[in-house]
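What follows is one structure encoded as C-alpha cells, with my remarks underneath.
The values are calculated or read from the model by the stated rules, or taken from the named source; none is laboratory data. The structure presented is a predicted model; accordingly, all values stated were derived computationally and were not measured. Here the Cβ is made from the backbone with ideal geometry for all residues, glycine too, and neighbour counts use every protein chain on show. For accessibility, only protein heavy atoms count, side chains too; no ligands or nucleic acids. Shrake-Rupley method; radii C 1.70, N 1.55, O 1.52, S 1.80 Å.
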Amino acid sequence: MIPFNKPYLTGNEFALIEKALSKGKFSGNGYFTNKCHTFFNEYFGFKNCFLTNSATSALEMASLLCDIKEGDEVIIPSYTFVSTATPFALRGAKIIFCDSEVSSPNIDVQRIEQLITSKTKAIIVVHYAGLACDMDAIMALANRHKLFVIEDAAHSITSRYKDRFLGTSGHFAAFSFHETKNISSGQGGMLVINDHSMINRAEKVWVKGTNQLDMQRGIIPKYEWVDLGSNFYPSEITACLLFAQLQSIEFIQYKRKLIWKTYEKQLRNLEKSGKIKLTTLEDYQSNNYHIFYILCASQYERDDLISFLKKNNIMAVFHYSPLHSSPYAQGKSTETFVLPNAERYSQTLLRLPLYVELDLSQVIEITNLISTFYHS
Ligand SMILES: *Cc1c(COP(=O)(O)O)cnc(C)c1O
C-alpha cells in the first residue's frame, strides 16, 4: 500500500530527545524552544515567534490577542480546515464565510469587501497548499477598514508572497507542525506576531495569562494572573523534535520538490488533453510542495478515481468539506451561503501521496495508473 502521508524522521530525533531529557527540566520554554525561535528568526526573519501545541492553539492565541468577543464577526474562507474557524467561534464571534477564487482554493479577495460590516474584526486567510493569497490587496483592504489580518499559514512553511516569507505580512500568522505538514513534531504549531504592540500581551497569554516570563527575567519577584491566557507552549520534547526537522529543512524540501515536479511532468499530457487540471502559480506565489492536487471534471469522476487507485493499493484523498455547510455552522445560522467555488473544490479536488520517502518510481506508478483510468 502507498499511503497518502508518512511522517519523516531525520534520524537525529533520539539523540536530541536524550539531550532534552538530560537537561533535567523539559516542561517547555527552555533550550530547544529557544533554538527553534532563533532558527525561525534567522532563517525566515520571523521576529517574534511563540511555539505552541498546534496551529489551532496559535490561532486561539491570536483570537485572544485581537480581543474577539460575542457579537464580533470574522471573515474566513469556507474551503478550509475547521481550525481556521473554531478559535474565533470559541470567543463568541460570528463566522462569515467567503468563497474561494475561481482559479484556486484561496479566499476570493474580490468578495471580501462586500462581507465587511461594522461588526467585522478580522479576516483570516489560508494559503492553500502553501500558495500565497494576494497579501498586498488583503492588507490594503484590512487597513482601509481597520481590521486584523491573521494568516492561517498551516500549509505554508518556506513559501513566499513576492519576496516575503508567508507569515510576515499579516498582523499574526499561525503555522502547523502536525505530522501531516512538511515540517513536523507530531503535534505542534507556532504563532508569529508582526504587530509589535501585541508582544507584551502575547507573552502573558502564552503562559496562562501570567507574567511568569517577567519573573524569570528578574523584573518582578513573583508572578501573578494578569490577563486571559492558556497553557499554550509545548514541552521541550516536542521542541527538540521540531528542531531536528528544522535542521533537515533543506533536504525535506528538496525531496518534496522532486516528487511534486515529477507528478507535474508525468501528468502534463492528461492536462493538455483537458481531462484534469493542475495547479498554476501566480507571479506572486512560490511553491513549498506541501500538496500535489489535481482537479477532476466532476465529483463522480473524482470518487471513481479514488476507488480505482485504492484497488491498486494507492491512497489518494479529497480535502475539505466547505465549513458553511457543516452541521455546526448550519445549526448556528439560517443564512444560506452560496459559495460555488468552495463547493467545486470540495467535490473535484484530489490530493496524491506526497512524503519524503516516496520513491520517484512510485510516483510514476501512480501517474501511469491515473493515465490508465482516463484512457479506459
Ligand atoms: C492542519 C491545519 C490546521 C491545524 O493545524 P494543527 O497544528 O493540527 O492544529 C489549521 N489550518 C489549516 C489550513 C490546516 O491545514
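Quick notes on this one:
- Within the stretch 284-368: Cβ-based charge dipole about Cα centre, in debye rounded to nearest 20 (Lys, Arg +1; Asp, Glu -1): 160 debye
- Sulfur and carbon atoms: percent of accessible area, the stretch 13-247 [1.4 Å]: 52 percent
- Taking Cβ atoms as reference points and 14 Å as the exclusive limit, the residues near ASP152 contribute a net charge of -1, counting Lys and Arg as +1 and Asp and Glu as -1.
- Protection proxy ranking of 265-272, 214-221 - average other beta-carbon atoms within 10 Å, highest first: 265-272, 214-221
- Cα-centre dipole for the stretch 13-247 with unit charges at Cβ (Lys and Arg positive, Asp and Glu negative), debye to 20: 520 debye
- Most fluctuating residue given options SER83, SER176, SER118, as computed from a GNM of the chain linking Cα atoms under 10 Å: SER118
- Two-site FRET efficiency, GLU365 against LEU281, from Cβ-Cβ distance with R₀ of 22 Å, rounded to 0.05: 0.25
- Annotation: extensible slack from TYR31 through PHE308 equals 94.8 nm (criterion: 0.36 nm per residue apart, minus Cα-Cα distance).
- Computed lengthening from ALA15 to ARG144, 0.36 nm per intervening residue step minus Cα-Cα distance: 41.4 nm
- Accessible surface of the stretch 249-375 [probe 1.4 Å, protein heavy atoms]: carbon and sulfur percent: 50 percent
- In degrees, nearest ten, helix 360-375 long axis to first principal axis of the chain (Cα): 50 degrees
- Length-normalised contact order for the stretch 166-307 - Cα pairs under 8 Å, 6+ apart - percent: 16 percent
- Cut-off 12 Å between beta-carbons: net charge of the residues surrounding LYS310, Lys and Arg +1, Asp and Glu -1: -1
- Protein heavy-atom accessible surface, 1.4 Å probe, per residue over the chain: 45 Å².
- Near TYR374: Cβ cut-off under 14 Å, other residues only, Lys/Arg at +1 and Asp/Glu at -1. The net charge is +2.
- The chain, helix-only ellipticity at 222 nm - DSSP H runs n ≥ 4, -39,500 (n - 2.57), divided by all residues, nearest 500: -11500 deg cm²/dmol
- Taking a ≥ b ≥ c as the square roots of the eigenvalues of the Cα gyration tensor, the chain is classed as oblate, since a/c reaches at least 1.5 and a/b does not exceed b/c.
- Three-way shape label, the stretch 224-376, alpha-carbon gyration tensor, a/c 1.5: oblate
- Annotation: peptides 248-254, 282-288, 341-347, ranked by per-residue average of other Cβ atoms within 10 Å with the highest first, follow the order 341-347, 282-288, 248-254.
- Global geometry of the stretch 77-147, whether rounded, prolate or oblate, following the gyration tensor of its Cα atoms and the 1.5 cut on a/c: oblate
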